[in-house]
Each structure stands twice: as structure tokens, then as C-alpha cells.
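Please treat every number below as a calculation from the coordinates, not as lab data. Quick caveat, the model's predicted, so the values are computed rather than measured. Here the Cβ is made from the backbone with ideal geometry for all residues, glycine too, and neighbour counts use every protein chain on show.
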């Protein structure tokens, strides 16, 4: 490839290092194995009245464990891997290539975050497409919104890990902070859920669903058929509210990635 395409050369080296044998093979097995385990439960969900709620539950069954695996992979690639590269001076070496800092940032974003997220998208699409293709095609809008919501569950905590890795620059400390941030997001969501159930405050409800857009979709369709899913009080969110919550979640995540990029461009100095 030479130096004609230095950004692609760095991306190729990064992918080769991050996904060495047998990591891709193990990931492919896990991302196919766990959805197949839950396939009997998915067929049991066919008894639900609303097809939209049924589709979201089927998708959630295939993604619960793989989302956790994806978070672990991002912790390895970003919280530990990127921070260690900064500490060891590898980033400074990469920046000697004729590439801009923004291009290098994009390389790390692709290899460390977007490729693991692509595993989630592919796994959900394959699982749903093989078992319930007619249901997914009939409610393609619900399928796409659910897919975006599942990605949002990973994309937001990953943005915090990315920013922490660049700022902290040490693998061990960055890994610890990344895990702490992940737990903090979950704890905040649980607290908001509890407060919302006790008080029924609209503001708490909006914040909770912005952090958990998939919960908003599930509550929208479940309450539409008379279900009683766990939620922060109040009635079922409308479809437009669900879209607004999802958009807000992505806006927050993008803001953190932009903050990390600005810091990397203006304040970051390789060691």
C-alpha cells in the first residue's frame, strides 16, 4: 500500500493488531452462538398481541449478551489499547506519517468503536432475518428504530471511554475509569427509573428515556397493547417522543466524540 494512502495503511495496521487470530474467530462464534441460544425464547414471544412489540423483544433477546461482549471489546481497544499506545509513544510514531490528527482520530474511532458496533448490527440482522424475516420486513420502520436504539446503548458509553482514554493516557487508569463510567451510566439510569416511578416527574421521565431510547420504544408498543413494562411512571411515550429520545441520545454521544476530537486536535500532546 506504501505511503500513497497513509490513513488506510495506519487503519490496516491497527486492525491487524486489534483483531489478531483468534479474536475475530471467537467473536464470530459468540455473536452467532448467543442469539441461537435464545431462539426458543424468541419463538415463545410470538404469543404477544402486537407484532411491533414482538419484533423488539425478539431483537432484544439476540442483543443483550452481545452488547455486553461489545462493551468489553471497546474497553480493550479504547480504554486500554489506545491509552497504552499514547503512554508508549506509538501515537507519536503514527503522527509522523503524513496524516492529520483528525484522520488518525477517525482511524481509532473505526477500529475501536465502529467495527465492534458493526458486529452488533450484523448479529441482530442475521438473527432476525433468519428466524423472522417476514416480521422484520413487515415492520421495517420498527426494526430500523430498534436497531438504532441498540447501537445507541453502546455508542454513548463508548464515547465517554474514548474521551477518558485520550485525556488519561494510561492503560490501567483509563480502563478503570472506563469501567467506572459504564457503571455510572447504569446507576444513573436506575436512580432515574426509581425516582420516576415514585414521583412521576416528567423531567425525570424525559432524561431516563433519552439515556435509554430502547426502553421508550418498548414501553410505547407494550402499553399500546395493555402491557405493564417497567418504566419511570407516566403514560406511554408517543412515537415522535421515541424518535426525539433516540435523537437526543445520539446528539449527546456525538457531542462527546466532538469534545474528544477537539481535545485531540488542540490540547493533546503525545508523550
* Structure fact -> So the FRET efficiency between residue 7 and residue 258, C-beta based with R0 = 22 Å and rounded to 0.05, is 0.65
* To do: Measure nothing fancy, just the Cα-based angle from helix 115-131's long axis to the longest principal axis of the chain, in degrees from 0 to 90, nearest 10.
  => 30
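Expressed in nm to one decimal, what extension gain is obtained for the pair residue 267 and residue 201 from 0.36 nm per residue of sequence separation less their Cα-Cα distance?
Value of the extension gain: 19.7 nm.
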* Asked: Counting other C-beta atoms within 10 Å, which of 68, 264, 127 has the fewest, and how do the rest follow?
  -> 68, 264, 127
* To do: Could you tell me which label, among (1) 19.4; (2) 21.4; (3) 19.9, carries the value of Kirkwood radius over Cα pairs in Å calculated for this structure?
  => (3)
* Asked: Which distance in nm do the two modelled labels at residue 16 and residue 76 give, with both placed 7 Å along the Cα-to-Cβ direction?
  -> 1.9
* **FRET efficiency, residue 141 to residue 118 (Cβ-Cβ, R0 35 Å, nearest 0.05)** => 0.95
* Burial ordering of 99, 126, fewest other beta-carbon atoms within 10 Å first -> 126, 99
* **Residues residue 93 and residue 190, FRET efficiency given R0 of 51 Å [Cβ-Cβ distance, rounded to 0.05]** => 0.75
